[in-house]
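Inspection log for the structure reproduced underneath, given as structure tokens.
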Amino acid sequence: TDGYRVNWKIKDILLREKTPYQEMMIVDTVDFGKSLVLDGAVQTTEKDEFIYHEMISHVALNAHPRPSEVLIIGGGDGGTLREVLKHPQVERVDVVEIDERVVEVCRQYFPGIACGYDDCRAHLYFEDGSQFVKEVHKKYDIVIVDSSDPTGPAVELFGPEFYQNSSLVLKDEGMMVAQAESPT
């Protein structure tokens, strides 16, 4: 806006490509290290990603009495998966990411963030998350919606139908956490 601006000094553009779903860039910044940018919006950075990934994961996992099965919608960078897998009681994590290239690129450029994909408890589906919750026939203890902002392929993840369908895949004591931008 006219009253607020954020600037990052970029040392280098390491990757820039158009996937079937969005424009993706990996940039190397002066202050935050490598950063994943989708459709012009920063998704994660090497330096401070833990703040977001820890908060979207651990609060619900520590509040739930027995979180053994977790569904992550989005989260292609792998940071939320990494944090969820730190809980030994978690037996299975289904990650539903629409854009396979995001996962491939993050495994290459952010191996410390995307390290959970090699865990045998992680199961990766390259599908539309809104369609997945309509069709899946299982229930989860925790559903985490780690989506980008409500533009492009993530628009459906902010609508009432998606939230209604997500509630249907929760077990009786289930909890849902969603990236919802700023409340202001």
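Expressed in whole Å with the largest first, what are the equivalent ellipsoid semi-axes of the range 1-70 derived from the C-alpha gyration tensor as the square root of 5 times each eigenvalue? The partial results should precede the final answer.
Numbers: eigenvalues 171, 54, 33 Å².
Listed largest to smallest, the semi-axes of the range 1-70 are 29, 16, 13 Å.
Taking the Cα atoms of the range 29-99, report the difference between the largest and smallest coordinate on each principal axis, in whole Å and largest first.
Over the range 29-99, Cα extents along the principal axes are 41, 25, 14 Å.
Determine, for each peptide in 107-120, 26-39, 69-82, the mean count of other beta carbons within 10 angstrom over its residues, then list the peptides with the highest first. Intermediate values should be presented prior to the final figure.
On the way: 107-120: 15.6, 26-39: 18.2, 69-82: 27.5.
Ranking the peptides 107-120, 26-39, 69-82 by packing returns 69-82, 26-39, 107-120.
Label 7 Å along Cα→Cβ of W8; the range 100-117 residues with amide nitrogen under 12 Å?
Once the point is set 7 Å along Cα→Cβ of W8, nothing inside the range 100-117 turns out to lie under 12 Å by backbone N.
Give the separation of the Cα centroids, the range 125-147 to the range 4-27, in Å.
Result: 28 Å between the Cα centres.
Leaving ligands, DNA and RNA out of it, rank M55, M24 by accessible area with a 1.4 Å probe, largest first. Could the numbers behind the result be given before it?
Working: M55 120, M24 0 Å².
In descending accessible area the options line up as M55, M24.
Which residues does a label at K18 reach in the range 98-132, if reach means a backbone N under 11 Å from a point 7 Å past the Cα toward the Cβ?
In the range 98-132, the label zone of K18 (backbone N under 11 Å from the point 7 Å along Cα→Cβ) covers no residue.
Under 12 Å between alpha carbons: how many lysine pairs meet that in the chain, if sequence neighbours fewer than 8 apart on the same chain are excluded?
On the way: K9/K34; K11/K34; K34/K47; K138/K171; K139/K171.
Lysine pairs meeting the criterion: 5.
Would you work out the Kirkwood radius for the chain? I mean one over the mean of 1/r across all pairs of different Cα atoms, in Å. Numbers along the way, then the final one.
Numbers: mean 1/r = 0.0595 Å⁻¹.
About 16.8 Å, per the Kirkwood formula over Cα pairs.
The values are calculated or read from the model by the stated rules, or taken from the named source; none is laboratory data. Values in this document were obtained by computation on a predicted structure and should not be read as measured data. In this analysis, Cβ positions are derived from the backbone assuming ideal geometry, glycine residues included, and neighbour counts consider all displayed protein chains. Only protein heavy atoms, including side chains, enter the accessible area calculation; ligands, DNA and RNA are left aside. Shrake-Rupley method; radii C 1.70, N 1.55, O 1.52, S 1.80 Å.
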